[in-house]
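Data first, discussion second: the structure below is written as structure tokens.
The values are calculated or read from the model by the stated rules, or taken from the named source; none is laboratory data. Here the structure is a predicted model, which is why all the values come from computation and not from measurement. Note: ideal-geometry Cβ built from the backbone for every residue, glycine included; neighbour counts use all protein chains shown.
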Amino acid sequence: MTILFLFAVLFALMLIGVPIAVSLGLAGSLTIMIFSQDSVRSLAIKLFETSEHYTLLAIPFFLLAGAFMTTGGVARRLIDFANACVGHIRGGLAIGAVLACMLFAALSGSSPATVAAVGSIAIAGMVRSGYPQAFGAGIVCNAGTLGILIPPSVVMVVYAAATETSVGKLFMAGVVPGILLGGALMAAIYLIAVKKNLPALPRASFREWLSAARKAVWGLLLMVIILGGIYSGMFTPTEAAAVAAVYSAFVALFVYKDLKLRDCPKVLLESGKLSIMLMFIIANAMLFAHVLTTEQIPQAITAWVIEAGLQPWMFLLVVNIVLLVAGAFMEPSAIILILAPILFPIAIQLGIDPIHLGIIMVVNMEIGLITPPVGLNLFVASAVTGMPVTQVIRAVLPWLALMLSFLIVITYVPSISLALPELLGM
């Protein structure tokens, strides 16, 4: 009865247009007030406990670092560097856009930020060179999803907080899948470019390549600082996020000088708004997860799955279907916080590595970001290009088959995700 009431209220509120964060909070609060022995005061206590979760402190810092990098012209220099590396290949501008997305993903931790930063420059460049606008929008929309797979990743931080797993290990587990997906997108673009005879840039001379690399090096160094610092034990992922924010501000203000001191309050305000929105969703989703835990819903579902004799491969198939459906309608962090506490104990019982489960969930969230009606990347790409959302959806759909194939590979070949953390002894 409690389970039915909890989810009935949640879906009813969402169907009438109540924001997802409020729906989660109200569903959890009403369930506690009606069915639980807990005091109403426990609601305030739970919300406060959520806000002081140390791991989640990484989120506003990574968002701030991404804001400085986006505003400070780092994306433009990364795109120039990517084009100097691969622009001479047939379809090189599009391949360069994917490489730029991969590089920017390693700085921002956010998929929509990656689409906005790279798309605003790369798509216009592709159109000027003779590429169809829809082709460019579809590529950047898909490649932008790497923002949450290549570390650092805000979604990985949320998963780590929900399941008490290692953020550093999750970050390392995302490196190989991220490179693999980026490579697959590049290979697909090359095949299409050869077939459609898409243009290529003149080959950059070594001096031009060196100049582009020198200009981009300050942005590229941030990857070394974040991942090198975490792996070496110099600082925790949360401390790495704080260092990244300070470093990004320093580069934007004093190295590239694309940002003036008078612009800082605006950057801080925008990243603060985004942080508050995300943390409000997380706080309410944590409250919802608290109700699931106190009512022992994950334990009941785990027992049912074990009794039903569900094999690991069958469970992972069900997980993917559920996450793909949820991803089309909900924000990634909310999905992680609602479903991770339910799926995590089942995965442990079935012998599935929790880090592998985390990467599977992140890849599903990637697909959710480009799936209508709520795919965030679709709306960001629409705003950047001026194309109607319906046209962006049509541009993205041909690439979904590749993304779904990648999801199957990641799901059933766990060594892709786990090899690097194991090699590093994590």
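Within segment 8-29, the set of residues being in contact (Cβ under 8 Å) with a residue 24 or more places away in the chain and more than 18 Å from M277 (Cβ to Cβ) comprises L10, A27, G28, S29. Keeping to segment 297-336, report how many residues are loosely packed, with under 13 Cβ neighbours inside 10 Å and either in contact with a Leu (Cβ under 7 Å, 6 or more places away or on another chain) or of a type in the set (V, I, T) (or both). Here the count works out to 2. From the list V246, V217, the one residue that fits, being of a type in the set (A, V, I, L, M), over 29 Å from L93 (Cα atoms) and part of a helix (DSSP H, G or I), is V246. Can you tell me which residue in segment 1-56 is nearest to I230 (Cα to Cα), limited to those that are in contact with a Phe, Trp or Tyr (Cβ under 7 Å, 6 or more places away or on another chain) and among the polar types (S, T, N, Q)? Top of the filtered list is T31. When the residues of segment 261-278 are filtered to those that are within 18 Å of V246 (Cβ to Cβ), hydrophobic (A, V, I, L, M, F, W, C) and in contact (Cβ under 8 Å) with a residue 40 or more places away in the chain, which remaining residue is surrounded by the fewest Cβ atoms within 10 Å (Cβ to Cβ)? Selected residue: L268. Scanning segment 30-48 for residues that are part of a helix (DSSP H, G or I), touching a residue at least 24 places away in the same chain (Cβ under 8 Å), farther than 11 Å from F288 by Cβ and charged (D, E, K, R) yields a total of 0. Residue count for segment 349-368, restricted to those that are modelled with pLDDT under 90 and hydrophobic (A, V, I, L, M, F, W, C): 1. Restricting the first member to segment 302-322 and to residues that are of a type outside the set (D, E, K, R), and the second to residues that are not in a helix (DSSP H, G or I), the beta-carbon pairs closer than 6 Å and six or more apart or on different chains are P312/L350; P312/I352; F315/L350. M69 falls short of the stated requirement of being within 21 Å of the chain's Cα centre (by Cα) and under 22 Å from L210 (Cβ atoms).
Among residues that are in a helix (DSSP H, G or I) and touching an Asp or Glu at 6+ places or on another chain (Cβ under 9 Å), A252 is included.
Scanning segment 227-243 for residues that are of a type in the set (S, T, N, Q) and part of a loop (DSSP other than H, G, I, E, B) gives a single hit, T236. Of all residues being more than 20 Å from the chain's Cα centre (by Cα) and surrounded by fewer than 17 Cβ atoms within 10 Å (Cβ to Cβ) in segment 237-255, which is farthest from I150 (Cα to Cα)? Just the residue, please. Residue satisfying both the conditions and the ranking: F254. Exactly one condition in (1) assigned to a helix (DSSP H, G or I); (2) surrounded by fewer than 24 Cβ atoms within 10 Å (Cβ to Cβ) is false for T165; which is it? Result: T165 fails condition (1) only. Based on this model, can you work out whether V224 counts as without any contact (Cβ under 8 Å) to a residue 12 or more places away in the chain, in a helix (DSSP H, G or I), under 16 Å from G109 (Cα atoms) and among the aliphatic types (A, V, I, L, M)? Judged against the criteria, V224 is a match. Going by the structure shown, is L369 under 19 Å from N320 (Cβ atoms), surrounded by fewer than 18 Cβ atoms within 10 Å (Cβ to Cβ) and not basic (K, R)? It is false that L369 is under 19 Å from N320 (Cβ atoms), surrounded by fewer than 18 Cβ atoms within 10 Å (Cβ to Cβ) and not basic (K, R).
Scanning segment 256-276 for residues that are outside any helix (DSSP H, G or I) and either within 22 Å of the chain's Cα centre (by Cα) or acidic (D, E) (or both) returns a single hit, D258.
In this entry, P177 is excluded by the filter for residues that are buried (at least 19 other Cβ atoms within 10 Å of the Cβ) and modelled with pLDDT under 90. In segment 387-399, the residues that are closer than 21 Å to A188 by Cβ form Cβ pairs under 7 Å with partners that are of a type in the set (V, I, T) and surrounded by 21 or more Cβ atoms within 10 Å (Cβ to Cβ), at six or more places apart or across chains, as follows: V396/I370. Summed over segment 188-212, residues that are modelled with pLDDT of 90 or more and hydroxyl-bearing (S, T, Y) total 2.
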